[in-house]
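The values are calculated or read from the model by the stated rules, or taken from the named source; none is laboratory data. Since this is a predicted model, take the numbers as computed values, not measurements. As a convention, Cβ positions derive from the backbone with ideal geometry for all residues, glycine included, and neighbour counts pool all protein chains shown. When the accessible area is computed, the model is the full protein with side chains, heavy atoms only, and any ligands, DNA or RNA have been set aside. Shrake-Rupley method; radii C 1.70, N 1.55, O 1.52, S 1.80 Å.
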Amino acid sequence: MENNKKNYYGNISSLVYNQSKPPGTSIDGDIEFYTNELIKREGLVLEAGVGNGRIAIPLLRKGISIFGLDNSKEMLTIYKGNLKKYNMESQLILGDLINFKADIKFETIIMPNGSFCLLNRDDIVYVLNNFKNHLTDNGKIYLDLIYPTSFKPGNIHEYDFVLDNNDIIKIKNKAISIDWALQRTYTELEYKSNSEIEIQPFSLWWYGVEEFKLILEKLKFKNIETIKNYNNIKNLNLKTVTFIFEK
Ligand SMILES: C[S@@+](CC[C@H](N)C(=O)[O-])C[C@H]1O[C@@H](n2cnc3c(N)ncnc32)[C@H](O)[C@@H]1O
């Protein structure tokens, strides 16, 4: 069943992510938004699902202290390589958001763009409670929700992706289904190199804005604010909602 297949960034999908979205690639203005917000705040920032450091590295370069967490060792290996390449230092841990334990509390926790939507709906309460346990008393959480406005079930997109070493990866991106009751889209990505095939199951869950506020209120989060499309008023379609809240 699609529902049981776990989202995971393996070897090839992490390589392709890094090459198509290297550190500094802004998606819809997310890097500018997070830089503006975090530059005003003190203390340590946890980026939940740090990936290759697309956002973390530009933030580190602005002097913001980022602590990276990810459950993909392949992604973290790429992040470490990028830190070296950009001459930056950052603490990082391999762990799952549901049950990671760090001896530190964070002033800010961020989960930009679509990462939160990768979490299985059944897990989000555990993740949000774990965030709460790792937040300082005056801490803030920034979490983006994205909406599948252009998802077309049945669409198949096939293309060749050339890696830096000139290896060709054949990618097949299959938009399989949209489940309106579960609020989930399911995509399957196939990456084929000369020596390896990786199948990446890719589910994204979405939440209504009022629905998500109710979830946060039920967990006793306070001062809940929302921002649409990173404050970009030129973007008429709603694609991203950032929730900002405190414990
Ligand atoms: C779409 S990438 C985003 C990476 C980076 N934050 C960015 O904005 O470019 C999502 C990342 O979240 C990580 N991730 C997904 N679920 C996770 C979980 N349950 N625990 C820890 N990391 C997770 C993935 O491994 C992946 O690196």
Checklist entry - If Glu32, Glu158, Glu246 are ordered by their accessible area, calculated over protein heavy atoms with a 1.4 Å probe, which sequence runs from highest to lowest? => result Glu158, Glu32, Glu246
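Taking Cα atoms of the range 156-203, Rg/Rh with Kirkwood Rh, to two decimals? Please report the intermediate quantities before stating the final value.
Numbers: Rg = 13.2 Å, Rh = 11.8 Å.
Here the Rg-to-Rh quotient is 1.12.
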Checklist entry - Given a 1.4 Å probe and the protein chains all in place, what does the accessible area of Arg121 round to, in Å² to the nearest 10? => result 80 Å²
Checklist outcome for this item: Unit-weight point scatterers at every alpha-carbon of the range 101-184, Debye formula, q = 0.13, 0.14 1/Å: log10 I(q)/I(0) is -0.68, -0.74
Checklist entry - Regarding the range 25-158, what is the average projected area of its C-alpha convex hull, in nm²? => result 9.4 nm²
Checklist entry - Can you run phi through the Karplus equation (6.51, -1.76, 1.60; θ = phi - 60°) for the range 120-134 and list ³J(HN,Hα) in whole Hz, with x for Gly and Pro? => result 4, 3, 5, 9, 5, 5, 5, 5, 5, 5, 5, 4, 4, 5, 9
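Express the relative contact order of the range 155-209 as a whole percentage, based on alpha carbon pairs under 8 Å and six or more residues apart in sequence.
Numbers: 103 pairs, mean separation 14.6, N = 55.
Once normalised by length, the contact order is 27 percent.
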Next on the checklist: Principal axis extents for the chain, Cα atoms only, whole Å, descending order, please.
Outcome noted: 51, 46, 38
Next on the checklist: List the residues, sorted by chain then number, that are 5 or more residues from Thr136 or on another chain and whose placed amide H is less than 5 Å from its amide H.
Outcome noted: Phe106, Glu107
Checklist entry - Hey, any idea what % of the chain's accessible area is carbon plus sulfur with a 1.4 Å probe? => result 49 percent
Checklist entry - Over the heavy atoms of Lys247, what accessible area does a 1.4 Å probe trace out, to the nearest 10 Å²? => result 60 Å²
Checklist entry - How do Trp206, Trp180 stack up against each other in accessible area, from largest to smallest, with a 1.4 angstrom probe? => result Trp180, Trp206
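Return a whole-number percent for the relative contact order of the range 1-140, with Cα pairs under 8 Å and 6 or more residues apart as the contact set.
Details: 196 pairs, mean separation 33.9, N = 140.
Computed value for the range 1-140: 24 percent relative contact order.
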Checklist entry - Cα convex hull of the range 47-108: how many Å³ per residue? => result 76 Å³
Checklist outcome for this item: Whole-Hz Karplus couplings 3J(HN,Hα) for the range 105-113, θ = phi - 60° and coefficients 6.51, -1.76, 1.60, Gly and Pro as x, run 10, 10, 6, 9, 10, 10, 9, x, 6
Checklist entry - Long-range amide H contacts for Leu69: which residues qualify at under 5 Å (H placed 1.01 Å from N, peptide plane, sequence gap of 5 or more or a different chain)? => result Glu47, Gly49, Val50, Ile93
Item to check | Extreme residue, positive dipole direction of the chain, given options Leu83, Ile171, Leu44 (C-beta unit charges) | outcome: Leu44
Item to check | Charge tally in the Cβ shell below 12 Å around Gly49, where Lys, Arg are +1 and Asp, Glu are -1, Gly49 excluded | outcome: -3
Next on the checklist: Not counting ligands, DNA or RNA, and with a 1.4 Å probe, what is Glu74's accessible surface area in Å² rounded to the nearest 10?
Outcome noted: 40 Å²
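Considering only protein heavy atoms, with the full assembly of protein chains and a 1.4 angstrom probe, order His157, His134 by accessible area, largest first.
Details: His157 105, His134 10 Å².
Largest to smallest exposure gives the sequence His157, His134.
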Item to check | In order through the range 79-85: 3J(HN,Hα) via Karplus (6.51 cos²θ - 1.76 cosθ + 1.60), integer Hz, x for Gly, Pro | outcome: 4, 4, x, 5, 4, 5, 4
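So if I place +1 on the C-beta of Lys and Arg and -1 on the C-beta of Asp and Glu, and nothing else carries charge, what would the dipole magnitude of the chain be about its Cα centre? I want it in debye, nearest 20. Please list the in-between numbers first.
On the way: 31 positive and 31 negative charges, 65 e Å.
Using only the charged Cβ atoms, the result is roughly 320 debye.
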Checklist outcome for this item: A student applying the Cα gyration tensor rule (rounded when a/c is under 1.5; otherwise prolate if a/b is larger than b/c, oblate if not) would label the range 130-230 prolate
Checklist entry - When ranked by the protection proxy of mean other Cβ atoms within 10 Å per residue, highest first, what sequence do the peptides 10-16, 25-31 form? => result 10-16, 25-31
Item to check | Virtual spin-label span in nm between Lys222 and Asn166, 7 Å along Cα→Cβ | outcome: 6.2 nm
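Over the chain, with the other protein chains present, what is the accessible area per residue in square angstrom, probe 1.4 angstrom? Spell out each step's value before the answer.
Working: 12780 Å² over 247 residues.
Value for the chain: 52 Å² per residue.
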Checklist entry - So between Lys73 and Ile197, what do we pick up on full extension, going 0.36 nm a residue minus the alpha carbon distance? => result 42.8 nm
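Can you give me the convex hull volume of the Cα atoms of the range 1-100, divided per residue and expressed in Å³? Mind dumping the intermediate values first?
On the way: hull volume 11.5 nm³, N = 100.
Enclosed volume per residue, from the Cα hull, is 115 Å³.
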